[in-house]
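Below is one structure, written out as structure tokens; comments come after it.
Quick note: the coordinates plus some simple rules give every number you see, no bench work behind them. For clarity, every value in this text was computed on a predicted model and none was experimentally measured. Note: ideal-geometry Cβ built from the backbone for every residue, glycine included; neighbour counts use all protein chains shown.
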Amino acid sequence: MQYMILIYGDEKNFALMASDPEAQRKMYEAFAGYNTELRGAGVLRAGGELKPTHSATTVRVRDGKIVTVDGPFAETKEQLGGYYIIDVPHLDDAVKWAARCPAAHGGSIEVRPIGVTPDTH
Amino acid sequence: MLTAVIDSICRSEGARVLAGLIRRFGDFDLAEDALQDAFTKAMEVWPLQGLPAVPAAWLTTVAQRRALDLIRRRATGPVYSDEPPDIAAPEATESGGSEPHPADVSGVDDDRLRLVFTCCHPAILQPAQVALALRTLCGLSTREIARAFVEPEATTAQRLVRVRRKIRDAGIPYEVPSREQLPERLQAVLGVVYLVFNEGYAATETPGLVRPDLCAEAIRLARLLVELMPQQPEATGLLALLLLHDARRATRVGSDGMLVPLEEQDRSRWNRPAIAEGLALLDAALALRQRGPYQLQAAIAALHAQAGRAEDTDWAQITALYGGLLRERPSAVVELNAAAALAMAGDTERALAWIARIASSGELADYHLLHAAQADLLRRLGRLGPACDAYRAALALVRNEAERRYLQRRLGECGG
């Protein structure tokens, strides 16, 4: 089964790290290690770090009109900062991987199963 | 009535058959649907053909065929032509004839264990865990579960639909947890069983309200857990605790519908065989030398059960056991109970101060028993004015009729 690992965290903490190269290095090392583990286990299908929400644009179509708004879809305490797509037999395995994500310590990791559509087998 | 007999058989065999179906087909929903259809068929066929010699085998055979049929109908891909043809109803020879797959029989205990842990998976909200456990393990109907939790039947039905959907969509595994996870997951399972028991234990005996005996169901579940995991002392401890509590249930509410406190209960009406069994189980659990919160609570209950009269209760020992419980499972409620025991052991002033500290932390502000405990201690010390205030505070929060009447009585005794 495919699961999306959605990484939520407080961007303010992330921004603080910009002035702390040592903390930055540690974090990237942790993620590099995590990515290696995912690949080594053969479960990684995709993944990426998202640029902060100030770079986001939200698009809606209402009454036939395209409405474009600066920013994320909603203001939230924690923001979506990255994702992984993994392929594992069941939820418990997905949860184990989510718990090993370095961002799980300060942030929240949502584990969402990916539904099967006709094109994705 | 034959219907009642068939219903009872389906209930007692249901969990076993369901567990095997889930293992076979790996689909909770499908297994439930197939089993439901097998029950319906049993209701139609058994009155005509007689009860099968091995009901579980009959139900398994029919349910498996039904499941294969359902898979065929749901499949969007090619039809699996090598599956056995669907037979509308089994012949009378099915009763002993068609043997279930060997793995169905040998793996039965593991299957039921898997079912228990699946019901109590952390990805499921606890109320849904309870509803699912009552349904799949105890075979209660939606209506019975709804009545037990005093909610509309539609709400319970929705709850069950949602949880089965969650299991399917999220891919919750049908598995016994790994060794590292087992202790924590087991505590969750025991917690669910305890919750079920408490619902039955603390509920009022309201005349005219028909409801299943939740205490009996909880004890049945606890027995199943002990049967499946005999080396887990906490499972045995829980069963001991439930039996010891249940032994007193008949004396808990008076004929006037008022709660009878422990010290006023008629001990001659306590269920002595249940107490004996509970004590034996506690000994067995303690012999495994792995203390835990349920064993501790059972030990406390045992001391109450063994006291011939209320004044013979070994409160000092109970207080010591609460100390142990606080170390294992610190919580405001346990602290409250420990303080109450301390008061009974003789140190009422210290106990009152302790309860005052709990109260000032704000933690149990809406818990009627906090105020009731305060009121009780103040009453014993002769401080009737403050006792009345505390009884009134408890009355403002109490929801159970039997308890409300008891508090009202005490308030009256204090001149309030």
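About its Cα centre, the dipole of chain B is roughly 820 debye, where the only charges are +1 on Lys and Arg Cβ and -1 on Asp and Glu Cβ. Peptide A:91-100 has a mean of 3 when you count, residue by residue, the C-beta atoms of other protein chains within 10 Å of its C-beta.
Measuring nothing but how far apart in sequence close Cα pairs (under 8 Å, 6+ apart) lie, relative to its length, chain B scores a relative contact order of 10 percent.
Judged by the ratio a/c of the largest to the smallest principal axis of the C-alpha gyration tensor, the range B:335-416 counts as oblate, that ratio being 1.5 or greater while a/b is no larger than b/c.
Between B:Ala202 and B:Arg73, the modelled labels are 4.4 nm apart [label points 7 Å from Cα along Cα→Cβ]. Simple rule: put +1 on each Lys or Arg Cβ and -1 on each Asp or Glu Cβ in the protein assembly as shown, find the dipole, and look at B:Thr118, A:Tyr8, B:Ala38; the Cα lying farthest toward the positive end is A:Tyr8.
Shape verdict for the protein assembly as shown, please, from the Cα gyration tensor: rounded (a/c under 1.5), prolate (a/b greater than b/c) or oblate.
Values: a/c = 2.01, a/b = 1.19, b/c = 1.69.
Since a/c reaches 1.5 but b/c is at least a/b, the shape of the protein assembly as shown is classed as oblate.
Loop-located chymotrypsin sites (Phe, Trp or Tyr not before Pro) in the range A:1-38 (DSSP state other than H, G, I, E, B) with a sparse environment of at most 12 neighbouring Cβ atoms within 10 Å are absent. Model label points for B:Thr3 and A:Ala23, set 7 angstrom from Cα along the Cα-to-Cβ axis, are 6.9 nm apart.
If you filter the range A:25-84 for GluC sites (Glu not before Pro), then keep DSSP loop positions with at most 10 other Cβ within 10 Å, what is left?
Passing sites in the range A:25-84 are A:Glu75.
Using only the Cα atoms of the range A:2-113, what semi-axes does the equivalent ellipsoid have when each is the square root of 5 times a gyration tensor eigenvalue? Give whole Å, largest first. Walk me through the intermediate numbers first.
Numbers: eigenvalues 142, 85, 25 Å².
The equivalent ellipsoid of the range A:2-113 has semi-axes of 27, 21, 11 Å.
Working from Cα positions, state the angle (0 to 90°, nearest 10) between the long axis of helix B:153-170 and the longest principal axis of chain B. That helix lies at roughly 60 degrees to the long axis. Remind me, relative contact order of the range A:2-113 in percent, using alpha carbon pairs under 8 angstrom and six or more residues apart? Once divided by the residue count of the range A:2-113, the mean separation gives 49 percent. Per residue, the convex hull around the alpha carbon atoms of chain B comes to 170 Å³.
The loop-placed trypsin sites (Lys or Arg not before Pro) in the range B:295-396, going by DSSP, that have at most 16 neighbouring Cβ atoms within 10 Å of their Cβ come out as B:Arg309, B:Arg383.
Let me confirm the definition first: pairs of Lys residues in the range A:2-113, 8 or more apart or on different chains, C-alpha distance under 20 Å. How many are there?
Working: A:Lys12/A:Lys26; A:Lys12/A:Lys51; A:Lys12/A:Lys77; A:Lys26/A:Lys51; A:Lys51/A:Lys77.
Step by step, the pairs that qualify in the range A:2-113 add up to 5.
Here the range B:3-72 and the range A:39-81 have alpha carbon centers that stand 48 Å from each other.
Modelled label positions at B:Leu384 and B:Arg269, each set 7 Å beyond Cα in the direction of Cβ, lie 3.0 nm from each other. Of the residues B:Thr60, B:Ser141, B:Ile71, the one whose Cα sits farthest toward the positive end of the charge dipole of chain B, with +1 on the Cβ of Lys and Arg and -1 on the Cβ of Asp and Glu, is B:Ser141.
Summary value for the range B:350-416: 29 percent relative contact order, contacts being C-alpha pairs under 8 angstrom separated by 6+ residues.
Compared with the dominant Cα axis of chain B, that is its longest principal axis, helix B:126-136 is turned about 50°. Specify whether the C-alpha gyration tensor of the range B:2-78 places it in the rounded, prolate or oblate class, a ≥ b ≥ c being the square roots of the eigenvalues: rounded for a/c under 1.5, otherwise prolate if a/b is larger than b/c and oblate if not. Here the range B:2-78 falls in the prolate category.
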